[in-house]
Amino acid sequence: MNKCDETPSPCVLHVPCLSRSSTLAAVGDAPFPSGNAPSGNTSPAPSGNAPSSSAPGALAPVPWAPALRGKFIVFEGPDGSGKSTQLRRFVELITISGVGVCEVREPGGTKIGEAIRQVLLQRDHDCMTLRCEMLLYMASRAQLVEQRIRPALAQHQLVVADRFVTSTVAYQGAAQGLPYDEIAAAARIAVGQSVPDLVLVFDVDEETAAQRAGIVAPKSKGKRADSATSSLFADRMEDRTREFRRHVRQSYLDQAQADQAHFRVINAANGPDEVWRSLVDTMEKWALGLAAPGSA
């Protein structure tokens, strides 16, 4: 057996790949098309008649889940947005609804990807250049696509990813200045045509996200919030400014604005149960749209 296949194997039903609770210095996910995609994208408000599984603490099978078979959905947003918490709950909902789910994280999700993740986490790698960092994310992503994502989609499973190319555009691109064209070129090599069907951006203001993630405001630099709330992202990002986080957030919103067909923005500043209701409502509408006559 090829050693690369030892851990983890392609997803069968729900085989989570170490659900990611934090972000590091980015990854991403948008279909990286050229040109100007349709503009405008708003977060759908929670429906007054949301399904029962949108109620706090209640998870029951949903009838629209089968429409998600063979689809690729990415959860995006800054660390502290709560996206990973919502992702885990969403995976559980779709699984109990009888749809096979392959859950992956970035960087990582494969033996090679996890090794790359450890390189990126080393705090003594301060000499790493921005392009090197971006290409390491893309290398991990290329392995993930070929080893996990494509096989799962071929088996008509739903693939749910915690980050993809969108994060790279936001962090290494908008926030750190790497040209978009370079990121897009590398992404085309890394993922080919394996781009998400839907990108969910969990939007939250910079201060709220920083507080949730345990990232300290500049005036109290050096003092971290309780370690229970700190994360890999906080370890890597604690010295980065509010301006950096503002660029990241704006990039997510700009990407969503540029491609309404593939993005939905969810207000993540609210409490987790309210965000969950908005997520379920958003996904129900999207799934029902897939099942509508004439839909792709």
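Just so it is clear, none of the values below were taken in a lab; they were calculated from the coordinates. Owing to the predicted nature of the structure, the values given are computational and were not obtained by experimental measurement. Because the Cβ atoms are built from the backbone with ideal geometry, glycine has one as well, and the counts that use them run over all protein chains shown.
How much net charge surrounds Val91 when only the other residues with a Cβ under 11 Å from the Cβ of Val91 are counted, with Lys and Arg +1 and Asp and Glu -1?
Details: positive: Arg88, Arg89; negative: Glu92, Glu103, Asp162.
Here the count lands on -1.
Which peptide among 263-269, 253-259 comes first, and what is the full order, when sorted by highest mean count of other Cβ atoms within 10 Å? Can you show the working numbers first?
On the way: 263-269: 22.6, 253-259: 19.3.
Highest to lowest by the protection proxy: 263-269, 253-259.
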